[in-house]
1. Which residues, counting only those in segment 188-229, are out of contact with any strand residue (DSSP E or B) (no Cβ under 6 Å at 6 or more places or on another chain), under 15 Å from GLU312 (Cα atoms) and outside any loop (DSSP other than H, G, I, E, B)?
2. Scan ILE278, ILE321 and give me the residue that is under 29 Å from TYR115 (Cβ atoms) and open to solvent by less than 40 Å² (accessible area, probe 1.4 Å).
3. State all residues of segment 1-41 that are at pLDDT 95 or above, assigned to a loop (DSSP other than H, G, I, E, B) and crowded, with 18+ Cβ neighbours inside 10 Å; if no residue qualifies, say none.
4. Filter segment 202-233 down to the residues that are hydroxyl-bearing (Ser, Thr, Tyr) and either open to solvent by less than 10 Å² (accessible area, probe 1.4 Å) or under 15 Å from TYR285 (Cα atoms) (or both) and list them by number.
5. Scan segment 76-94 for residues that are buried (at least 24 other Cβ atoms within 10 Å of the Cβ) and under 22 Å from the mean Cα position of the chain (by Cα) and report the count.
6. Kindly state which helices (runs of 4 or more DSSP H) lie completely within segment 311-378 and contain at least 3 residues that are in contact with a strand residue (DSSP E or B) (Cβ under 6 Å, 6 or more places away or on another chain) and of a type in the set (A, V, I, L, M, F, W, C).
7. Taking ASN351, is it over 26 Å from ARG172 (Cβ atoms), open to solvent by less than 80 Å² (accessible area, probe 1.4 Å) and at pLDDT below 85?
Amino acid sequence: MKIGFFSDTYFPQVSGVSTSIRTLKEQLEKRGHQVYIFTTTDPNALDPEKDIIRMPSVPLISFKDRRIVVRGMWYAYLIAKELELDLIHTHTEFGTGLLGKLVGKKLGIPVIHTYHTMYEDYLHYIANGKVLRPAHVKYFSRLFANHTTGVVCPSERVIDKLRQYGVDAPMRVIPTGIEIDKFKRPDITATMKTELRQSLGIASDELMLLSLSRLSFEKNIQAIITGFQEIALKMPKTKLVIVGKGPYRDDLEELVTTLQLTDRVVFVGEVPNDEVAIYYQAADYFVSASTSETQGLTYTEAMAAGTQLVVEGNDYLNNLIDDETLGKTFATDGDFAECFEAYVASGVKSNREILESKMHSISADHFGEAMLAFYLDMTAYYHEKALVKENDQKRKKIAVKLKPTLKKVVKKIPEASQKK
């Protein structure tokens, strides 16, 4: 099968979407399929890049580290036609996502879409939420999704929201998998973890809480910092390490200063990909209060690294963390401190057998298998719909052709009656 991925985000831009695309590309290629990436230009991209087609783009307003394609429809179509694509998989509702749908329609092939982003959580970035409203998101999401062959939802939260929007296209929940070995990493020694902790000013008898994500308002790191103030008072031997970069860093640092936590909270900034696993393994607990995630790869990455989680729950996370040895979820921001303190006091330790049983469900292999099965199902569905449509059109053409003849027959019936 030849598959074209259409996305406004891809490496060297680092995000959950680009990571998901790369993981899926590797899994499909491992199974003998060919994958081509149709994406935006990027000043930091390597040239040339195998199987990557880049189209002219500009930085997106309010998200300067993201780009959106501005032209290239005909160019993309000609390449897709030459490649003889069997299926298109879009990963954005804008720019290249719309382009992918147009190319798919022109080629007469299925278009699968992954709904990665809960846009209602990001409206404040555009004119402080005064221009775009949830109603606009609902309308556009429904319009986009209902004009695709099928929709991939990373979690139950996404599929429930799309159903509320009125999406009636076929949908399936397929959580994004991760490369387990990249985080399990037996090559990371106790010495490496100790050295990292020492570089962060964390003593051997102190607990390290790790927050790792983009530093933006919707990640709700402010709730973790606020809750950590209470934790720091009751548990003096604890430190919070915040890894990541983003537009909200200055505000978070200001909050830390206001709460007089500068000696207990460490801002690391962005770290190289090959060092992320060391931070996970060096930490005692991974913490998060984000409510904007469609799934959240950092949760499964921390789990694969063997780190226990204390995070704000939702349907996906409550199902993922279904054993207390894996971690604990709390209901609201205000519950974080109490939940963390109680979980630490319980003394529950990680259980290797239970952790191993989770590995397949969050693995890239499982992700690839599930996505390929959906592709095959939706390809069959697409051709079945096309056949029904073709038969309907044939029946209409026949009806049009027969209409004059039927009129003549009907007209002759009274005449024949009168002759009798």
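1. The answer is GLU218, LYS219, GLN222, ALA223, ILE225, THR226, GLY227.
2. On the way: ILE278 fails: under 29 Å from TYR115 (Cβ atoms).
After ruling out the rest, the residue left standing is ILE321.
3. Listed by number, the list holds a single entry, SER7.
4. First, the residues of segment 202-233 that are hydroxyl-bearing (Ser, Thr, Tyr): 204, 211, 213, 216, 226.
Those that are hydroxyl-bearing (Ser, Thr, Tyr) and either open to solvent by less than 10 Å² (accessible area, probe 1.4 Å) or under 15 Å from TYR285 (Cα atoms) (or both): SER204, SER211, SER213, SER216.
5. 5
6. Working: elements: 315-320, 336-346, 352-359.
In segment 311-378, the matching helices (runs of 4 or more DSSP H) lie at 336-346.
7. Details: over 26 Å from ARG172 (Cβ atoms): yes; open to solvent by less than 80 Å² (accessible area, probe 1.4 Å): yes; at pLDDT below 85: no.
Against the criterion (over 26 Å from ARG172 (Cβ atoms), open to solvent by less than 80 Å² (accessible area, probe 1.4 Å) and at pLDDT below 85), ASN351 does not qualify.
Table: residues versus (1) part of a helix (DSSP H, G or I); (2) in contact with a Phe, Trp or Tyr (Cβ under 9 Å, 6 or more places away or on another chain); (3) among the hydroxyl-bearing types (Ser, Thr, Tyr); (4) surrounded by fewer than 21 Cβ atoms within 10 Å (Cβ to Cβ).
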| position | (1), (2), (3), (4) |
| --- | --- |
| VAL152 | no, yes, no, no |
| ASP160 | yes, no, no, yes |
| ARG163 | yes, no, no, yes |
| ASP168 | no, no, no, yes |
| PRO186 | no, no, no, yes |
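The values are calculated or read from the model by the stated rules, or taken from the named source; none is laboratory data. Just so it is clear, the model here is predicted, and its values are computed rather than measured. Don't worry about glycine lacking a Cβ; one is built from the backbone with ideal geometry, like all the others, and counts go over all protein chains shown. Note: areas computed on protein heavy atoms with side chains; ligands, DNA, RNA excluded. Shrake-Rupley method; radii C 1.70, N 1.55, O 1.52, S 1.80 Å.
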